[in-house]
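The structure appears below as structure tokens.
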Amino acid sequence: MQAMTEYKADLLKRYWKYRETQFANEQTLFDPRYIKPASPPVFIRSEACRNVIVNPAASKQEKEKLLDLIPKGEWHKWFGSMNSSQALAQSVLGNLAIYGFLSSLSELKDDEGMKLFGKADISSDNFKMEHKIDFLGEPRQTSLDGYFSGNYRIAIECKFTEAEVG
């Protein structure tokens with residue numbers, strides 16, 4: 001548990017340093033209710049898309065394609081927080097998808113050296129973010145961060161700073 005506490009404390013320091021260096025003259029982009037050092041910086045709702053990591057050389061079309069993978073109406077309550085797992089998933093999986101590199105995930109291996117995604121077809125053609133499901137026995141419909149359809153389906157749920165699953 002100590003390692004998780006230290007990890008989160010280090011993240012908070014890095015977030016605030018990033019905010020101070022990258023957004024020094026743009027403090028109005030952030031929700032003033034969340035202040036250093038107790039919580040991570042949180043973008044105001046209208047600017048929450050800035051929480052998605054975008055290739056600095058991306059064209060306007062590439063940026064739009066990336067940001068459209070999760071429509072604003074599908075954003076979680078804390079999408080604007082630098083702790084957002086959903087924004088992290090969009091940053092990583094979304095960029096892999098729009099640049100055609102999702103297939104690189106097929107090389108990932110588990111702790112025993114087995115391919116993590118088995119024989120699944122991993123491509124942008126069968127990939128979706130925020131895929132709705134209702135078969136996990138939860139009280140209401142939920143969404144998967146990433147989903148690959150096909151004969152061998154893959155569900156991806158990203159956790160960043162959460163210690164628990166769910």
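Counting only DSSP H runs of at least 4 residues, each contributing -39500 (n - 2.57), and dividing by the residue count of the chain, the helix-based mean residue ellipticity at 222 nm comes to -7000 deg cm²/dmol. Dipole check for the range 39-108: with +1 at the C-beta of Lys and Arg, -1 at the C-beta of Asp and Glu, and the Cα centre as origin, the magnitude is about 240 Debye. Scoring 39-46, 80-87 by mean Cβ neighbours within 10 Å over their residues and listing the highest first yields 80-87, 39-46. Listed by chain and number, the aspartates and glutamates whose C-alpha is less than 20 Å from the C-alpha of residue 72, apart from same-chain residues fewer than 8 away, are 31, 47, 62, 64, 130, 145, 157.
Taking neighbour Cβ counts within 10 Å as the exposure measure, how do 104, 91 sort from fewest upward?
104, 91
Convex hull volume per residue, computed on the Cα atoms of the range 1-82, equals 125 Å³. Our note on the geometry: Cα centres of the range 66-102 and the range 1-44, 19 Å apart. The charge dipole of the chain, taken about its Cα centre with unit charges on the Cβ of Lys, Arg, Asp and Glu (plus for the first two, minus for the last two), comes to roughly 480 debye. For the chain, relative contact order (Cα pairs under 8 Å, six or more residues apart, normalised by length) works out to 16 percent.
Over the range 59-144, the hull volume per residue, using the convex hull of the C-alpha atoms, is 141 Å³.
Relative contact order, whole percent, for the range 77-166 stands at 25, derived from Cα pairs under 8 Å and 6 or more residues apart. Taking the inverse of the mean 1/r over every pair of distinct Cα atoms in the range 2-156 gives a Kirkwood hydrodynamic radius of 17.4 Å. Listed by chain and number, the lysines placed with their C-alpha closer than 23 angstrom to that of residue 109 are 119, 128, 159; residues fewer than eight positions away on the same chain are left out.
Readers should treat all values here as calculations from the given coordinates under stated rules, not as data from a laboratory. Because the structure is predicted, anything quoted here is derived from the model rather than measured. We place every Cβ from the backbone using ideal geometry, glycine too, and count neighbours over all the protein chains shown.
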